[in-house]
1. If you go through the range 75-84 one residue at a time, do you hit one that is hydrophobic (A, V, I, L, M, F, W, C) and within 19 Å of the chain's Cα centre (by Cα)?
2. Pairs only if they're at least six apart or on different chains, beta carbon under 6 angstrom, first in the range 222-242 and crowded, with 22+ Cβ neighbours inside 10 Å, second of a type in the set (Gly, Ala, Ser) and in a strand (DSSP E or B); list them, first residue then second.
3. Could you tell me which residue of the range 345-379 is farthest from Ala422 (Cα to Cα), considering only residues that are of a type in the set (D, E, K, R) and not in a helix (DSSP H, G or I)?
4. So which residues in the range 11-35 are closer than 22 Å to Leu288 by Cα and open to solvent by 20 Å² or more (accessible area, probe 1.4 Å), if there are any at all?
5. Restricting the range 21-36 to residues that are part of a strand (DSSP E or B) and within 16 Å of the ligand (Cβ to nearest atom), which is nearest to Thr226 (Cα to Cα)?
6. List pairs: first residue in the range 244-255 and among the hydroxyl-bearing types (Ser, Thr, Tyr), second residue in a helix (DSSP H, G or I) anywhere in the structure, Cβ distance under 8 angstrom, at least six positions apart or on different chains.
7. Please go through (1) closer than 30 Å to Leu10 by Cα; (2) modelled with pLDDT under 95 for Lys95 and return the number of the only condition it doesn't satisfy.
8. Condition test on Ile251, is it open to solvent by 10 Å² or more (accessible area, probe 1.4 Å) and within 16 Å of the ligand (Cβ to nearest atom)?
Amino acid sequence: MKALHLYNTLTRKKELLKPLFPPKVRIYTCGPTVYGHTHLGHMRTYTNTDILIRVLKYFRFKPFQVMNITDVGHLLGDRDLGEDKMEKAARQEKKDAWEIAKEYTKEFFLVMKKLNIEKADIVSKATDNIPQMILLVQELERRGFTYKIKDGIYFDTSKVPDYGKLSHMPLKKLLEGARVEINPEKRNPTDFALWKFTPKGIHRQMEWASPWNKKSFPGWHIECSTMAMRYLSYCFAGGKFYPQRFETIDIHTGGIDLVPVHHTNEIAQTEAATGKKFVNYWMHNEFLQVDGKKMSKSLGNFYTLSDLEGRGYKDLMPLRYLFLNTHYRKKMNFTWKSLAGAKTACENIIREVNVVNGLRDQKKEKYYLAEFANKLVNDLNMPQAIAVLHEVLGDNSLPSFSKKEIVMNFDQVLGLNLLEKAKEIRKSRQKKLPSKIVSLAKKRETLREKGKWAEADKIRKKIEELGYRVEDTSEGTDIKLI
Ligand SMILES: [Zn+2]
């Protein structure tokens, strides 16, 4: 395990990662609300989270990641007012809310797979945690943190002295944000719904009976606290909640937009229920902009998988590469031109690792691996890590075999499937060879296997006379047009 420093939103400092139960690192990741297409912003966020997981593995930690799927309770206005995003999508698309959730969850994981993002160890839907969420709200009720009003059970934020500590915003500012949409029955503007009641006369597709109301549904924030406690600390068993079992989670990740409300409320309710610190390290991904503007449906710059495919990007590795070129805590500006540039860059890297000949320089290999690691331990500085990759590729004195070894090592973190891509290219190139050349190459291969070097060499010359060059690599023979 290496000394890895990560920026912690809670302390606003880069801190040495000290997991509670090393080498295990317990991670909670806020997943998507599955009411619409997966877009570039999601793609960037989860690629960056994937980098964290890969870096932890690279340094021999054992990450254990839990991710939720929000399929109920996320209201349009993040602050417990407005229609449920799932129900609205169902109404607009004239489909069942459950169907919508299923469809967009499927799409989300398809995109994640295309981006070579490793799936979390546990993925759980909000709707699969209803009894546990109710138990947690009951615990908060028992501890005196809740109150009931007409439309639900609310959390009283005035009972938490350090409420809002994650955002570093003065309470006044948090209150201003909260006042945008205010429910007059709430005691404090920052109070939030733990459990909501279906309004009279409204038909909801997703609702459950709860101790407070026959037709009700969870608030948005409660699911993440519940799942974090359920899957990372096993606080629920036999229909009961055991807050004393809770152990502070090592890392919690999510988009930067989740800081002032969602994550602030996750902290408040978890710490109120357990009396323990919720999370040691909070990591947040910055926004993605498109052509310098916020990505939005109305601006027509809201890009999804089908837009990428429509522009010829069936392979999403160039996009992944593009994401790695901006640090996760910096805003990134996406343009189609930058994606085209990333595609070319990827092709060049693959070309470099495709030609492998010569000896190894282990001293240099060690040097470059150390350089790469130095960038990663500094709050996952991927742009600098990529710069080391280009340094390796551009080092003319480095034998190509060493280059390949180094690049393959780096790719454990980069996740660009470089070796596989190189193999694919070689195969497709060989498919295009004339049959005569292919059969000569096969013949030569058999002779070489039998150790008949002189005869094999004669065939090599014959192939060369026909205008092709033979290269023997560690991955097999490569034949190219001269
Ligand atoms: Zn969450």
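1. Our first condition is that a residue be hydrophobic (A, V, I, L, M, F, W, C); within the range 75-84, this holds for 75-76, 81.
From what is left, the residues that are within 19 Å of the chain's Cα centre (by Cα) are none.
Checked against the condition, which is being hydrophobic (A, V, I, L, M, F, W, C) and within 19 Å of the chain's Cα centre (by Cα), the range 75-84 yields no hits at all.
2. Within 6 Å, the pairs are Met227/Ser124.
3. Kept after step one, since they are of a type in the set (D, E, K, R), are these residues of the range 345-379: 347, 351-352, 360-361, 363-366, 371, 375, 379.
Adding the requirement that they be not in a helix (DSSP H, G or I) leaves 360-361, 379.
On the way: Arg360: 20, Asp361: 22, Asp379: 30 Å.
Ranking the qualifying residues of the range 345-379, first place goes to Asp379.
4. Filtering the range 11-35 down to residues closer than 22 Å to Leu288 by Cα leaves 12, 28-35.
Arg12, Thr33, Tyr35, listed by residue number.
5. Here is the first cut: in the range 21-36, the residues part of a strand (DSSP E or B) are 21, 24-29, 33.
Pick out the ones that are also within 16 Å of the ligand (Cβ to nearest atom) and you get 26-29, 33.
Working: Arg26: 15, Ile27: 14, Tyr28: 11, Thr29: 13, Thr33: 16 Å.
Here the residue is Tyr28.
6. Taking only residues 6 or more apart or on different chains, the pairs are Thr253/Thr49; Thr253/Leu52.
7. All conditions are met except number (1).
8. On the way: open to solvent by 10 Å² or more (accessible area, probe 1.4 Å): no; within 16 Å of the ligand (Cβ to nearest atom): yes.
Spelling it out, it is not the case that Ile251 is open to solvent by 10 Å² or more (accessible area, probe 1.4 Å) and within 16 Å of the ligand (Cβ to nearest atom).
The values are calculated or read from the model by the stated rules, or taken from the named source; none is laboratory data. Since the model is a prediction, treat every value here as computed from it, not as a measurement. No Cβ is skipped: glycine too gets one built from the backbone with ideal geometry, and neighbour counts run over all protein chains shown. Ligands, DNA and RNA are excluded from the accessible area calculation, which covers all protein heavy atoms including side chains. Shrake-Rupley method; radii C 1.70, N 1.55, O 1.52, S 1.80 Å.
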